[in-house]
Amino acid sequence: MDAEQLREYGHQMVDFIADYYKNIESFPVLSQVKPEYLCELLPDSAPNYPEKLENVLDDIRRKIIPGLTHWQSPGYFAYYPCNSSTAGFLGEMLISGFNILGFSWITSPAATELEVIVLDWVAKMLKLPQHFLSSGQGGGVIQGTSSEAILVVLLAARDKVLRRIGKNSIGKLVVYASDQTHSSLQKACQIAGIHPENYRVLKTDFSANYSLDPKVLSEKISNDMSIGLQPFFLCATVGTTSSAAVDPLCSLGKISKVYDMWFHVDAAYAGNACICPEYRRYIDGVEEADSFGMNVHKWMLTNFDCCLLWVKDSGALIKSLSTNPDYLKNKASQENQVVDFKDWQIPLGRRFRSLKLWMVLRLYGVEKLQNYVRNHIRLARLFLGLIDSDPRFEVVAPQMFSLVCFRLLPPPDGQDDGNKLNDDLLHAVNGTGRMFISHTVLSGKFMLRLVVGAPLTEERHVEEAWKLIQDQASVLLGTRLPSP
Ligand code: PLP
C-alpha cells in the first residue's frame with residue numbers, strides 16, 4: 001500500500017463513480033446482455049504483470065457496465081430497493097480504508113462499541129421496546145442480510161427448545177410462517193436441520209390482504225401438538241416480499257407466548273418506514289417479539305450490506321454460536337467485560353458496517369430520513385392514481401408503503417386469464433431498458449410490482465414509467481391509449 005498512489009488512484013476512482021451517477025440515466029436499467037457475454041470479452045487467465053488503472057477502468061466502461069443492472073438508476077422499480085447515498089458511500093470508503101475485522105472487542109474496540117451505540121439509536125428511532133436495547137439482556141447486531149439474521153435466530157430458538165426437551169427431539173420441532181414469508185426462512189430451516197415436513201406454510205388470501213390469520217395459526221399449532229410435535233418458532237413479516245402485507249404482530253405474538261415459541265419479526269423492507277410516527281403502527285406488537293430484523297440497505301440510504309437485528313435475549317444467540325479457541329482468548333473477553341460480536345453471527349470475520357450507518361445518521365439526521373421514505377410513498381400513491389385513470393389496468397392489492405401491485409386486464413373475450421399478457425408486458429417494458437419492474441404471483445394471478453425506492457427517483461421518473469407501461473400495453477393489445 002503506497003499512500004500517494006492510493007491518493008492518486010482514489011481521486012480517479014471517485015471521479016469515475018461520480019461520473020457514473022451523473023450519467024446513470026443513459027444506461028439500460030436492466031442489463032440487456034446475453035449469458036456468458038463476458039467470457040468472450042476477457043482473457044481466460046489472470047495477467048502475469050501489473051496493468052494500468054486506466055486500462056482497467058476502460059474495461060469497466062466497455063465490458064462490465066453493460067453487464068450491470070443499475071439498481072441506483074431512477075428508473076429502477078423492481079424487487080425492493082438497495083439504497084446508496086453519498087454518506088453511505090463515504091462510510092464504505094472508510095470501512096475499506098481501515099479494513100479491520102471487528103470480531104472480538106479487542107480486535108477494534110471502536111467497531112464493537114459504535115455498533116452497540118448505533119443499534120441503540122435506530123432502536124429508539126423505531127421505538128422498539130426497552131428489552132432490545134443494549135442496557136438490558138438483549139441488544140442489536142449488524143448482519144449482512146436478513147437471511148443471515150433469520151438463520152441465527154432460528155438456531156438460537158432451536159437450541160433453546162432442545163435444551164429443554166432433549167437434543168434427540170429435533171424431529172419434533174415445528175416452524176410456522178405464512179405462504180408470503182420470504183424463502184430465506186425455508187433455507188434457514190434446511191440449514192438448521194428442521195425436518196422439511198415440519199415447516200408449516202400457512203395459507204393467506206386476498207380477503208385479509210395476504211396477512212397471516214392468527215386463527216389459522218392457532219388451529220395448526222393445536223393440531224401439531226395433538227400429534228406430539230413441538231411448535232417452537234414463528235416468523236411474522238411486516239412488508240412481505242410479494243405485496244408488502246403486514247402480519248398482525250399483537251395477536252401472533254400472544255399466541256407465541258402461550259406456546260412458548262420464539263417470535264421473529266422480519267421487517268426487511270417496510271421496517272424502514274416505521275421510523276415515521278405515522279407508520280410506526282405497522283410494528284405495534286413488536287413488544288411481543290424475541291427478535292426483529294430490518295435491512296437499512298434497502299430503504300435507509302445505507303449502502304449494501306447492512307441488516308440490523310435486535311434480540312431480546314442475546315444469551316440465547318451466544319449459547320448457539322459461541323466458540324472460544326485459545327488463539328482468540330483475551331483478557332477483556334475472559335473477564336466478560338465486553339461484547340464479542342463473533343458470537344452473534346455465523347462467520348468469524350466481520351466488517352465495520354456500523355461506520356456507514358453512523359455516517360448516514362449523522363450526515364442526514366432522522367427528519368431527512370423520514371422525509372425520504374415519505375416522498376417515496378407519495379410517489380407510489382401518484383402511480384396508483386395514474387393506474388386508476390386507465391380502465392385497461394387494475395390495482396391488484398392495496399398500496400402498501402411504496403409498493404403498487406397492478407396488472408393489465410385481459411381482453412373481455414374470456415380466452416386469456418391475463419397471466420401471459422402481463423408476463424409479455426413485463427418483458428416489453430423491461431426490454432426497453434428505460435425502466436425495470438418485477439412481478440409476483442398472488443392467488444394464481446401474475447402481476448406487476450412497482451416499488452419506488454431508488455434514491456434518485458423523482459416524480460418525472462414515475463410519470464415516464466407509467467407512460468412507457470401504457471405505450472407497451474397499447475402495442476400488446478393492438479389498441480390506442482384511452483382518450484383522457
Ligand atoms: N425478508 C423479506 C421480507 C424480503 O423482502 C427479503 C428480500 O427482499 C428478505 C427477507 C431477504 O433479504 P436478504 O437479501 O437481506 O437476505
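Remarks
- Sequence of 79, 269, 364 from largest to smallest accessible area, 1.4 Å probe: 79, 364, 269
- Difference of contour (0.36 nm per residue) and Cα-Cα distance, residue 284 to residue 187: 32.2 nm
- DSSP beta bridges confined to the chain are antiparallel in about 60 percent of cases.
- Selection from 125, 477, 435, by position along the positive dipole direction of the chain (Cβ): 125
- Across the chain, C-alpha contacts under 8 Å between residues 6 or more apart give a mean separation that, scaled by the residue count, equals a relative contact order of 22 percent.
- Placing a label point 7 Å from the Cα of residue 419 along the Cα-to-Cβ direction, the residues of the stretch 182-204 whose backbone N falls under 18 Å of that point are 204.
- Projected label distance in nm at residue 209 and residue 42, using a 7 Å step from Cα toward the beta-carbon: 4.5
- Net dipole in debye of the chain [+1 Lys, Arg Cβ; -1 Asp, Glu Cβ; about Cα centre; nearest 20]: 1080
- Count, lysine Cα pairs under 25 Å in the stretch 298-383, 8 or more residues apart or across chains: 13
- Overall shape: oblate for the stretch 65-192, with the ratio a/c of the largest to smallest alpha carbon gyration tensor axis at 1.5 or above and b/c at least equal to a/b.
- Shape of the stretch 212-307, Cα gyration tensor, a/c cut at 1.5: prolate
- Probe 1.4 Å - accessible area at residue 427, Å² to nearest ten: 110
- DSSP-assigned coil residues among trypsin sites (Lys or Arg not before Pro) in the stretch 304-389, each with at most 16 further Cβ atoms within 10 Å: 329
- Hz values of 3J(HN,Hα) by residue in the stretch 264-270 - Karplus curve (6.51, -1.76, 1.60), Gly and Pro given as x: 9, 10, 9, 10, 3, 9, 6
- Counted charge near residue 423, where neighbours are those whose Cβ lies closer than 15 Å (Asp, Glu -1; Lys, Arg +1): +1
- Relative contact order (%) - criterion: Cα under 8 Å, at least six apart; region: the stretch 166-259: 34
- Per residue, the accessible area of the stretch 57-114 comes to 43 Å² when a 1.4 Å probe rolls over the protein heavy atoms.
- Packing, as the average of other Cβ atoms within 10 Å across residues, places the peptides 59-66, 71-78 in the order 71-78, 59-66, highest first.
- Relative contact order %, the stretch 101-364, counting alpha carbon pairs below 8 Å whose residues are six or more apart: 27
- Accessible area of residue 358 in the full protein assembly, 1.4 Å probe (Å², nearest 10): 70
The values are calculated or read from the model by the stated rules, or taken from the named source; none is laboratory data. For clarity, every value in this text was computed on a predicted model and none was experimentally measured. Heads up, the Cβs are rebuilt from the backbone with ideal geometry, glycines too, and the neighbour counts pull from every protein chain shown. Surface areas here come from the heavy atoms of the whole protein model, side chains and all, with no ligands, DNA or RNA. Shrake-Rupley method; radii C 1.70, N 1.55, O 1.52, S 1.80 Å.
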